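What follows is a short report on a single structure.
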Amino acid sequence: MREQSLLPEPEFESYYGRPILKTPTWKTPDVPFYLFVGGLAGASAVLAEGAALTDRPGLERVARVAAGAGVTAGTVALIHDLGRPERFLNMLRVLKPTSPLSVGSFILAPFGGLATMAMASQLTGRLPAVGRSAGAAAAVLGPPLATYTAGLLANTAVPAWHEAHRELPFVFAGSAAAAAGGVAMALAPEAETGPAVRMGCAGALLEVAATQVMEHRAGLVGEPYRTGTSGRLMSASRALTVGGLALSVAGRRHPGLRRAAGLVLATGSLALRFGVFEAGRASARDPKYTVVPQRDRLRARERAGATMTG
């Protein structure tokens, strides 16, 4: 029988009771909403191009609108978080390949113009060749747009984000595909939704699997993904995503369920972005997520050094 420790759980405090790390100043809901619609837009551009190549005009139309409207809404949210539009323009003055924020700005800006152009052509029927070329170019930039935000978060010192640097790109890629496939499943003509169903289900499976690996590998630092507000959001996301998968499978016999499945998948993706964002904020507020891993790494180096000299 396991003995119960008589020592109280240690409390980690910093000087003057202040957090060791500065909590990210990014606003809620601006930034997590941007994470969601950016992923939705990027994956939708890829789906739209696939629909165009396989002659599915209804699906193409929905995906083009999702890409154009998504990146427009995301840009508005990003500018609102920055406070002034010129701050976004200033990020385009110099390209810094070592900065995920700089690289992301140079992905977002051209993608926004191309996706909006493709959407306008699709809705008005004008300049179809120009719109088609713009849509193809947007599809090339779609995957980087959907995943660069994972690098942006992981490149910070925030424990729950930094520790997840290996899995977070896969989590965001799966979430983006689930959202884009889900929106198209809900809104496109039912006869043309085959590619959307495949994208949504594949994305959902990747999202769930990568999230499980991320939470397990992070150990103590992964605790915010399982507790508090962020834990509830992550649990809701997992339940919605698995539920959307189940409804998608049931939709083979009952096609009407696919529209409901699409909405559930998209909602699960939205909950995941808010959950990841809140988990990072929670880990920055609590000193133990900074102190304990540092001590563990120091002890590991000391043991390794003792082994080499022994």
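The set of residues in the range 215-226 that are in a helix (DSSP H, G or I) and not aliphatic (A, V, I, L, M) comprises E215, H216, R217, G219, G222, E223, P224, Y225.
The single residue among A154, A109, A136, A178 that is in contact with a helix residue (DSSP H, G or I) (Cβ under 9 Å, 6 or more places away or on another chain) and surrounded by 24 or more Cβ atoms within 10 Å (Cβ to Cβ) turns out to be A178.
If you scan the range 227-264, which residues turn out to be in contact with a Gly (Cβ under 6 Å, 6 or more places away or on another chain) and either closer than 18 Å to H216 by Cα or not in a helix (DSSP H, G or I) (or both)? Of everything in the range 227-264, those that are in contact with a Gly (Cβ under 6 Å, 6 or more places away or on another chain) and either closer than 18 Å to H216 by Cα or not in a helix (DSSP H, G or I) (or both) turn out to be S230, L233, M234, S237. Filtered by the rule that a residue be within 26 Å of M214 (Cβ to Cβ) and aliphatic (A, V, I, L, M), the range 117-154 gives L141, L145, A146, A150, L152, L153, A154.
Hey, among the residues in the range 142-201 that are of a type in the set (G, A, S) and not in a helix (DSSP H, G or I), which one's nearest to V291 (Cα to Cα)? Don't jump to the end; show me each part of the working.
Of all residues in the range 142-201, those of a type in the set (G, A, S) come to 142, 146, 150-151, 154, 157, 160, 164, 173-182, 184, 186, 188, 191, 194, 196, 200.
Within this subset, residues satisfying the condition of being not in a helix (DSSP H, G or I) are 157, 164, 188.
On the way: A157: 12, A164: 17, A188: 50 Å.
Among residues in the range 142-201 that are of a type in the set (G, A, S) and not in a helix (DSSP H, G or I), the one nearest to V291 (Cα to Cα) is A157.
Checking the stated criteria, S230 turns out not to satisfy the condition of being hydroxyl-bearing (S, T, Y), modelled with pLDDT under 95, buried (at least 20 other Cβ atoms within 10 Å of the Cβ) and on the phi < 0 side of the Ramachandran plot.
For R87, state whether it is part of a loop (DSSP other than H, G, I, E, B), surrounded by fewer than 16 Cβ atoms within 10 Å (Cβ to Cβ) and more than 19 Å from the chain's Cα centre (by Cα). In short, no.
Residues in the range 102-115 include at least one that is free of Cβ contacts under 8 Å to residues at least 24 places away in the same chain, closer than 24 Å to V276 by Cβ and under 17 Å from the mean Cα position of the chain (by Cα).
The values are calculated or read from the model by the stated rules, or taken from the named source; none is laboratory data. For clarity, every value in this text was computed on a predicted model and none was experimentally measured. All Cβ positions, glycine included, derive from the backbone under ideal geometry; neighbour counts span all protein chains shown.
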